[in-house]
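The values are calculated or read from the model by the stated rules, or taken from the named source; none is laboratory data. Only a predicted model underlies this, so the values are computations on that prediction, with no experimental measurement involved. Using ideal geometry, Cβ is built from the backbone for each residue, glycine included, and neighbour counts are taken over all protein chains shown. The accessibility values were calculated without ligands, DNA or RNA, using every heavy atom of the protein model including side chains. Shrake-Rupley method; radii C 1.70, N 1.55, O 1.52, S 1.80 Å.
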Amino acid sequence: MAMVDEPLYPIAVLIDELKNEDIQLRLNSIRRLSTIARALGEERTRKELIPFLSDNNDDDDEVLLAMAEELGVFIPYVGGVEYANILLPPLETLCTVEETCVRDKAVDSLCRIGAQMREKDLVEYFIPLVKRLAAGEWFTARVSSCGLFHMAYPSAPETLKTELRTTYSQLCQDDMPMVRRSAATNLGKFAATVEAAHLKADILSIFEDLTQDDQDSVRLLAVEGCAALGKLLEPQDCVTHILPVIVNFSQDKSWRVRYMVANQLYELCEAVGPEATRSDLVPAYVRLLRDNEAEVRIAAAGKVTKFCRILNPELATQQILPFVKELSTDSSQHVRSALASVIMGMAPVLGKDATIEQLLPIFLSLLKDEFPDVRLNIISKLDQVNQVIGIDLLSQSLLPAIVELAEDRHWRVRLAIIEYIPLLASQLGVGFFDDKLGSLCMQWLNDKVYSIRDAAANNVKRLAEEFGPDWAMQHIVPQVLDMINNPHYLYRMTILHAISLLAPVLGSEITCSKLLPVVINASKDRVPNIKFNVAKVLQSVIPIVDQSVVEKMIRPCLVELSEDPDVDVRSFASQALQSIEQVMMSS
């Protein structure tokens, strides 16, 4: 309330804190600008607060960044959109500072304000601001101006539109590479606001200048411009003007530009259309797949499935697949990893026969790769292949490799296999699963790594859900319960966890006859961690079993545990006893 009663107080505090040597105090006051503006009222905010911020010459980038962000949402505090132009001067100053993130945030805030301004205010205040920045002596102002043209252009009268196009063209030829980079980055946004007639006449000539820039950092940003302009042009113009640029870029002397083409390839293909892609971009893509720089090959390999979807299966098999085979034995593990993450998606594209003949050998070689990430990427996408070639062939060709990976020395590979097992189980069916994979599932419960044991316990539960309680009773429960006698307490804890997960799936009868006696017997364990886990398991099975079982078996065990010397055991046992009381009250 004091703030409202004493309107002079907040501005005085703000001025004091903004001049304070402590950056944190200055930051806090900037982040409280909206509170202070509300206390001052709209008129005093316009007349005192905003001029003060315009004159503020803080040299800390963090403070300036916070100010640029706050001003972007300040229109309601200065009296609405009719006074929005009041906010432009402090943001114009921030557009000229040296720190990039401050300038970017100031440009964002200007765009946000510009989007809400009335058309006449845009012409009167916003467009002159853009022109001042574009003519700025210091390059930072010119860099910032490039991000504002798309906001200023639509509401400009015809004469000003011509001037804005000419100014943008000059920025694209600026002496400073940073300005040309900014112009290249924002060209797509600006082009989207320009009329179709001027798009071909003016924007394309600007674009061609950027594509021939001597700085690779400018040319690589022009690659993004290819995709953006392609969407605005007619297909015919796109083939005439954009396609030759893409083909040249794919052979550029700078690997960064080639990398950008490989990375943006799918968007570029969409821009030029399927016909031009098949005739002109396939050779360009093949060059990128065989590039002498690993980074370019990584980007190209990651797009192989998307690219093949644009082609027909025959063309993909003949022209792309031979080079995919080369990549599967590439000297760079990162190239092989990028390929492994997408190659499974090629199976639906190529169809069953080509997958069996051409892709399966590549899958197998990647499954046996020495680098764990490559193996992981293949495992995680196996279901895509199964849909195409069927489970029989998948089990014959890939299952031996999967079984081998189940004992992989890298635990993350083992984990990926475990997570894939329920899906494999549902696809293989119960008979095949028992023969090949059943013993593996039990083996994982005794793994050295906790994450594997935990995943194995969840896996056992999901298998019981998949194949039903009768199957679980025959194939899972006896083996799991045998492991409760493992000499190491951590493995015994895993079994208790598995029992708590299995109980809801197996139902009351099996839980009471098979699982509960084992859990109650474990309450006599000498390790406190086991005993308090017994209390947790018993608490979880209370809702599953009959009330008579709770009174006869569970309550006496918990009462005994609630008197244990160990404080944690007593605590968990007491919680479980409370659960019994709650269940009784609710029933």
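If packing is taken as the average count of other Cβ atoms within 10 Å, what order do 344-354, 85-95, 144-154 fall into, highest mean first? Spell out each step's value before the answer.
Values: 344-354: 19.3, 85-95: 22.0, 144-154: 23.7.
Highest to lowest by the protection proxy: 144-154, 85-95, 344-354.
Send over the Kirkwood Rh of segment 485-586, from the inverse of the averaged 1/r over different Cα pairs, rounded to one decimal Å.
Values: mean 1/r = 0.0746 Å⁻¹.
Computed over Cα pairs of segment 485-586, the Kirkwood hydrodynamic radius comes out at 13.4 Å.
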Within straight-line cross-link reach of K352, aspartates and glutamates at Cα separation under 16 Å, skipping those fewer than 8 residues along the same chain: E314, D383, D392
Spin-label model distance (nm) - T329 vs K524, 7 Å beyond Cα toward Cβ: 6.3
Mean accessible surface per residue for segment 448-534, computed with a 1.4 Å probe while every protein chain stays in place, in Å²: 45
Cα extents of segment 470-537 along the three principal axes, largest first (Å): 33, 20, 16
Selection of trypsin sites (Lys or Arg not before Pro), segment 233-279, meeting DSSP coil and at most 14 other Cβ within 10 Å: K253
Pairwise label distance in nanometres, E370 with V567, each label 7 Å out on the Cα-Cβ vector: 5.3
Between helix 450-467 and the chain: long-axis angle, C-alpha atoms, 0 to 90°, nearest 10: 70
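Hey, what number do you get for the chain at 222 nm if only DSSP H runs of n ≥ 4 count, each worth -39500 (n - 2.57), divided across all residues, to the nearest 500?
On the way: 41 runs with 387 residues, N = 587.
The helix-only estimate for the chain comes to -19000 deg cm²/dmol at 222 nm.
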Long pairs among K381/K461; K105/K200; K231/K325, criterion Cα-Cα beyond 27 Å: K105/K200; K231/K325
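Starting from the Cα gyration tensor of the chain, multiply each eigenvalue by 5, take the square root, and state the resulting semi-axes largest first in whole Å.
Values: eigenvalues 720, 353, 69 Å².
The three semi-axes for the chain are 60, 42, 19 Å.
Report, to the nearest whole %, how much of the accessible area of the chain belongs to carbon and sulfur atoms, 1.4 Å probe, protein only. Before the final figure, lay out each step's value.
Values: 13100 of 26360 Å².
Carbon and sulfur atoms account for 50 percent of the accessible area of the chain.
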Approximate spin-label separation E314-D546, in nm, with each point projected 7 Å along Cα-to-Cβ: 7.2
